[in-house]
Amino acid sequence: MPQLSIVVPTFNEVGNVVELRDRVAAALPGIDWELIFVDDDSPDGTARRLAELAQQDPRVRCLLRIGRRGLSSACIEGLLAASAPFVAVIDADLQHDETRLPVMLDLLRDPTIDVVVGSRYAGSGSVEGWDRSRATISRVATRLARLVLRAELKDPMSGFFMMRREVLLRCVRAGVSGVGFKILLDLFATSPTPLSFREVSYTFRNRHSGESKLDTNVAWEFIVMLLDRFFGRAVPIRFIAFSLVGGIGLVLHLLVLGLLFRVGSVEFGMAQSVATLVAMTGNFVLNNLLTYRDMRLRGWGLLRGWVSFVVACGLGALANVGIANYLFEHQTWWMASAVAGVLVGAVWNYAVTAVYTWKKPQAPKSGTRTGLTQRRPGMIARLVRRSS
Ligand code: GDD
Ligand code: MN
């Protein structure tokens, strides 16, 4: 029976998975372990390679997710499939040092410790092959993340850690978000009781084969994460991302309007209409790329999604103007009226497009929500749960 379940999220890691199994086996002599890969239907055939591997090695399994993406949710689902009392997460690309696993396991045998984190910034930990600027950016980001976190973690963005299975279950039941890539941060922030932890230093190596999937989106994810922490989890994370995109849309709108109206001397009404459509389309594309990255629309779905988005946001704009007008006519300060209108419009747009534009058609019909990519409980529910 496995003592340790190791979860490995994979997306296009075909050249790494066999090597990882070999290295894990070499690192854990005398320990019963299982490897649970969670693959999001990688186009490079990772899942096929994993099926072959699992046919030869009963300690290996692959959880295949079709039509979904996301590092955090992949890790959580893999962790939930684990059977061992201790569970770990490690990247497939061999950047994390698997030889530290036995040390981490030993520390966890102390029942007062909940989590052991592989850390690039504790003790003799380090990062291989990063230039100065990359290292500085990472350190600054880490410092910011530490500021907003309750725990004094040296490497809060680590994707390499081990914990007790029951502790994990508690966090998942408390509503860990599963959106994005910062799973460890999420676990710490969601846990109903503060987690006691230890850090084990390691050297973050260069990638064995393939390329990183996070590079393009880290900055965006990071800003969303900071805002999420800042708003005290009262607001759903996707709403924050949606609002950020809305802000970008406003800038785009003003740019197009300025170009057409001031430079191109197009009539104002016409320029405003074109700018609105361009901004809506820009918002739709950005939300599809960033906010709903894990359920991205493609092909014809993209067209259908765009139509529903434009219709929803058109109605949202009407609500916005109506409410702002009403308030203004009833002696509300113009700025407050405008902000109230914008807020109502934003909430409307978010709520309606979450249901009609990005909702999966095969969602369960029953009243209960399942799945990790869905909304987590609101602030009130959390407060109630915390105090009970
Ligand atoms: N299933 C699944 N779905 N796996 C994914 C996805 C996804 O959408 N995106 C990435 N992965 C897998 C990769 O295949 C890899 O095994 C692991 O997640 C990490 O992805 P990388 O693309 O290699 O990320 P990185 O090296 O830039 O960043 C990693 O290290 C950082 C520092 O420890 C990640 O672990 C970060 O979370 C971590 O902060
Ligand atoms: Mn990597």
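What follows draws every value from the coordinates through simple rules; no lab data is involved. Being a predicted model, the structure only gives us computed values, none of them experimental. Please note: Cβ atoms are built from the backbone with ideal geometry, for glycine as well, and neighbour counts cover all protein chains shown.
Gyration tensor over the Cα atoms of segment 65-170: the corresponding equivalent ellipsoid has semi-axes (square roots of 5 times the eigenvalues, largest first) of 24, 18, 15 Å.
Taking Cβ atoms as reference points and 15 Å as the exclusive limit, the residues near Gln95 contribute a net charge of -3, counting Lys and Arg as +1 and Asp and Glu as -1.
Residue separation of Ala51 and Thr112 scaled by 0.36 nm, minus their Cα-Cα distance, works out to 18.2 nm of gained length. Evaluated with a Cβ-only charge set (Lys, Arg +1; Asp, Glu -1), the chain carries a dipole of roughly 960 debye about its Cα centre, given to the nearest 20. Take every pair of alpha-carbon atoms less than 8 Å apart whose residues are at least six positions apart; their mean separation over the length of the chain yields a relative contact order of 15 percent. Summed over qualifying helices (DSSP H, 4 residues or more, each -39500 (n - 2.57)) and divided by its residue number, the chain shows a 222 nm mean residue ellipticity of -16000 deg cm²/dmol. In terms of its Cα atoms, segment 86-141 spans 40, 23, 17 Å along the principal axes, sorted from long to short.
With a Cα cut-off of under 25 Å and a minimum spacing of 8 residues unless on different chains, the lysine pairs in the chain number 7.
Taking the inverse of the mean 1/r over every pair of distinct Cα atoms in segment 103-240 gives a Kirkwood hydrodynamic radius of 15.9 Å. Length gained on full extension, Leu303 to Thr136: 56.0 nm, using 0.36 nm per residue less the C-alpha separation. If you run the Gaussian network model on the chain, springs between alpha carbon atoms under 10 Å, then out of Gly159, Gly314, Gly299 the most flexible one is Gly299. Here the scattering of the chain is modelled by Debye summation over its C-alpha atoms, one equal scatterer each and no solvent; at q = 0.10, 0.12 Å⁻¹ the log10 of I(q)/I(0) is -0.73, -1.00.
Once backbone amide H atoms are built at 1.01 Å from N, Leu63 has Phe37, Val38, Asp39 as its partners under 5 Å, excluding neighbours fewer than 5 places away on the same chain.
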